[in-house]
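Here is the structure we will look at, set down as structure tokens.
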Amino acid sequence: MPLALPRTAPSGRIDGRIDAVVHLGFAVLMVASAVRYVMRHSPADNLWTVALAAAVCALYAVTAVLAHRRAAQRRPLWIPWMAALVVAWAALVIVAPSFAWCSFAIFFLTRTAFRGWAGYVAGGATAAATAVGLFRMSDWTDVAMLLGPLAAGALLTLIYDKIERDQERLAASERAAGIATERERVSREIHDTVTQGLASSLLLLEAAQRSWPAKAAQDDVRHATHLLRRNLADTRSLVHELSAPGLESGPLPEALEHAARQHVDSIRVQVTGEARQLPPEVRHTLLRVTQSAAANINLHAHADHASVTLGYLPDAVTLDVFDDGRGFDPGAVPPPSEAGGYGLRAMRQRVEQLGGELSVESSPGEGTIIAAQLPLPVDPSKEGL
């Protein structure tokens, strides 16, 4: 069974872009603020303030890198760096309010680095230091300079909390959808391997019980034993998420015939068209559809003859499983239940997930044809022909 590969979450890419914009904005504003401060103050004041601004930039860079890599860290290495950054930033913005515009980037970095009460404390300290610096710049007279940064910090906190809650809900819904998809996938694998094999083994053992100790009964027991051993191997593959036997390598017709003969000894596989390499997921689907269809023939069709035809088209591959058994009415198939009924649904889901189509042609007494067609990528060497 092929391993399920995780998808890259779009939200992760968006968060990365936002972080990049914030960091770029911090760099631009720091340079602009430093130029503004140097032009408005004497060289004696510039030296220590510019040195403190450089220290803030270095601390910001280190903290941003460590916070970005926090998923791979066993302990929060960025916390002391973030604390040092908040302290240095508070000192800088109080001494030189010209750098107050950079507070937005510092605020977002504190919320990225910290969670819970620590984020509120760090963000509040950033807003408070900015308020004090601007209030000092107004000679302690303009109350708006004091209240503005505090109000902006509170507003940004509410917005950031709302975004975090929305992301958590989205992540929870994605996890639930992923679990449901994986559960459906595993149920199909179990049905197409373990369940079908156990059902066939049970029929053989029941037939052997009725005719024991005739030689035919012994043959049925041996066949049932073989199927049970095969089911044990399939179960171990499911548990360990290993590939199906013969799926990754070896000729596809042989793999299909081997899968079908687990249930119908006399079945043959015919090939039409020019064979070519198929994607692993297409091979896997063809194998499972063949296996499930052959199991249905064994359990329900009572057929004298059965065959599998694998066809290669320029832009698709087809699979037809035919039997001359008693047939059935496809429109009257009961819904899946504990007694069974998952086979056709599982086959159709497998095929449709790859953009293909599956049809069932049957009527009582007229046999059955299960036909699947899966699209294939066009061979670049044959384009334009």
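The values are calculated or read from the model by the stated rules, or taken from the named source; none is laboratory data. No experiment lies behind these values; they were computed from the predicted model shown. Quick reminder, even Gly has a Cβ in these numbers, built from the backbone with ideal geometry, and neighbours come from all protein chains shown. Accessible surface areas use protein heavy atoms only, side chains included; no ligands, DNA or RNA. Shrake-Rupley method; radii C 1.70, N 1.55, O 1.52, S 1.80 Å.
Could I have the simple spin-label model distance between HIS300 and VAL38, label points 7 Å from Cα toward Cβ, reported in nm to one decimal?
8.1
May I ask you to evaluate 6.51 cos²θ - 1.76 cosθ + 1.60, the Karplus curve with θ = phi - 60°, for each residue of region 366-372 and list the ³J(HN,Hα) values in order in whole Hz, giving x for glycine and proline?
10, x, 9, 10, 9, 10, 10
Can you pull the one-decimal nm distance between simple spin-label points at ALA91 and VAL21, each 7 Å off the Cα toward Cβ?
3.3
If I stretch the segment between VAL121 and GLU164 completely, what's the gain in nm (0.36 nm per residue apart, minus their alpha carbon distance), one decimal? Please report the intermediate quantities before stating the final value.
Values: separation 43, 0.36 × 43 = 15.48 nm, distance 1.71 nm.
In short, 13.8 nm is gained.
Label points 7 Å out from Cα along the Cβ direction at THR141 and TRP48: separation in nm?
With each label point 7 Å from Cα toward Cβ, the separation is 2.6 nm.
For TYR120, TYR160, TYR37, write out the residues from largest to smallest accessible area, computed with a 1.4 angstrom probe and no ligands counted. Don't jump to the answer; show the numbers that get you there.
Working: TYR120 115, TYR160 40, TYR37 10 Å².
So the residues, ranked largest to smallest area, are TYR120, TYR160, TYR37.
About its Cα centre, what dipole magnitude does region 260-366 give when the only charges are +1 on Lys and Arg Cβ and -1 on Asp and Glu Cβ, stated in debye to the nearest 20?
Working: 9 positive and 14 negative charges, 77 e Å.
Taking the Cα centre of region 260-366 as origin, the dipole is about 380 debye.
Got a number for the accessible area of ARG136? Probe 1.4 Å, square angstrom, nearest 10.
100
With all protein chains present and a 1.4 Å probe, how do TRP140, TRP101, TRP89, TRP48 order by accessible area, largest first? Show your work: numbers first, answer last.
On the way: TRP140 145, TRP101 170, TRP89 0, TRP48 190 Å².
Output order, biggest surface exposure first: TRP48, TRP101, TRP140, TRP89.
Got a number for carbon plus sulfur as a percent of region 258-323's accessible area, 1.4 Å probe? List each step's numbers first, then the result.
Working: 1420 of 2810 Å².
The nonpolar share, carbon plus sulfur, comes to 50 percent.
Computed FRET efficiency, Cβ-Cβ of GLU274 and ALA176, R0 41 Å: what is it to the nearest 0.05? Walk me through the intermediate numbers first.
Values: r = 44 Å, r/R0 = 1.08.
For R0 = 41 Å, the calculated efficiency reads 0.40.
Under a 5 Å amide H to amide H cut-off, with H placed in plane at 1.01 Å, what residues pair with HIS263 once short-range neighbours are removed?
Answer set, sorted by chain and number: none.
What Kirkwood Rh does region 269-309 have if only Cα atoms enter the pairwise 1/r average? Answer in Å. Show your work: numbers first, answer last.
Values: mean 1/r = 0.0848 Å⁻¹.
Radius from the Kirkwood sum: 11.8 Å.
With every protein chain kept in the model, how would you rank VAL38, VAL282 by accessible area, 1.4 Å probe, largest at the top?
Largest to smallest exposure gives the sequence VAL38, VAL282.
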